[in-house]
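**Student:** If you scroll down you'll find the structure; I have some questions about it.
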Amino acid sequence: MLEGIIAPTLERLLGQYIVDLPREQLRVGLWSGVLRLENVRLKPDAFDALKLPFAMREGTIDLLELKIAWKTLLLRSHPICVTLEGVALTASPRAEDEWAAEPAEKRALALKRAALAAAAELAATKRR
């Protein structure tokens with residue numbers, strides 16, 4: 001039940017990094033403050049905004065766990081802890097044509113969209 005409520009928010013926050021949120025593998029312990037995602041696939045362009053000299057071709061995370069102190073979340077006195085287990089990445093050097101104008105423009109546009117989405121989410125959170 002809780003998974004269905006939390007999944008859209010996670011998709012909005014993590015959607016630029018992961019491929020298809022695995023809802024059937026999402027585990028939420030609301031009162032314990034633990035949210036677990038298992039067998040997560042990363043999008044190949046997830047880290048393009050970092051302008052790394054290599055391209056990620058595929059990536060997986062066996063376990064992504066968020067620990068949230070719900071009682072103090074609004075007070076911002078305790079951090080949200082993120083734990084990753086079983087991270088596997090396949091990368092290759094970037095070809096020269098990947099740095100050409102059109103792909104670079106697409107990466108810049110994706111970066112701007114991600115920044116706008118993050119700003120909108122932050123503004124929505126502040127309004128609540």
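**Student:** So how many residues does segment 90-128 have that are at pLDDT 80 or above, within 22 Å of the chain's Cα centre (by Cα) and open to solvent by 100 Å² or more (accessible area, probe 1.4 Å)?
**Tutor:** So the answer is 3.
**Student:** Any idea how many residues of segment 35-50 are closer than 18 Å to I68 by Cβ and open to solvent by 40 Å² or more (accessible area, probe 1.4 Å)?
**Tutor:** Here the count works out to 2.
**Student:** Something else now. Please identify the pairs in which a residue from segment 51-63 that is within 19 Å of L111 (Cα to Cα) and open to solvent by 100 Å² or more (accessible area, probe 1.4 Å) has its Cβ atom under 8 Å from the Cβ atom of a residue that is part of a strand (DSSP E or B) and of a type outside the set (V, I, T), counting only partners at least 6 apart or on another chain.
**Tutor:** Matching pairs, first to second residue: R57/A91; R57/S92.
**Student:** Taking the condition among the aliphatic types (A, V, I, L, M), assigned to a loop (DSSP other than H, G, I, E, B) and modelled with pLDDT under 80, does L52 pass?
**Tutor:** No, not satisfied.
**Student:** Does any residue in segment 1-18 that is at positive phi and exposed (fewer than 12 other Cβ atoms within 10 Å of the Cβ) come within less than 9 Å, Cβ to Cβ, of a residue that is at pLDDT 70 or above and not small (G, A, S) six or more places away or on a different chain, and which pairs are these?
**Tutor:** That search, which allows pairs on different chains as well, returns nothing.
**Student:** Answer with yes or no whether A69 is at pLDDT below 90, farther than 25 Å from A115 by Cβ and hydrophobic (A, V, I, L, M, F, W, C).
**Tutor:** So A69 fits the description; yes.
The values are calculated or read from the model by the stated rules, or taken from the named source; none is laboratory data. Everything quoted here is computed from the prediction, not taken from an experiment. We place every Cβ from the backbone using ideal geometry, glycine too, and count neighbours over all the protein chains shown. Areas reflect the complete protein model, heavy atoms only, side chains present, ligands, DNA and RNA absent. Shrake-Rupley method; radii C 1.70, N 1.55, O 1.52, S 1.80 Å.
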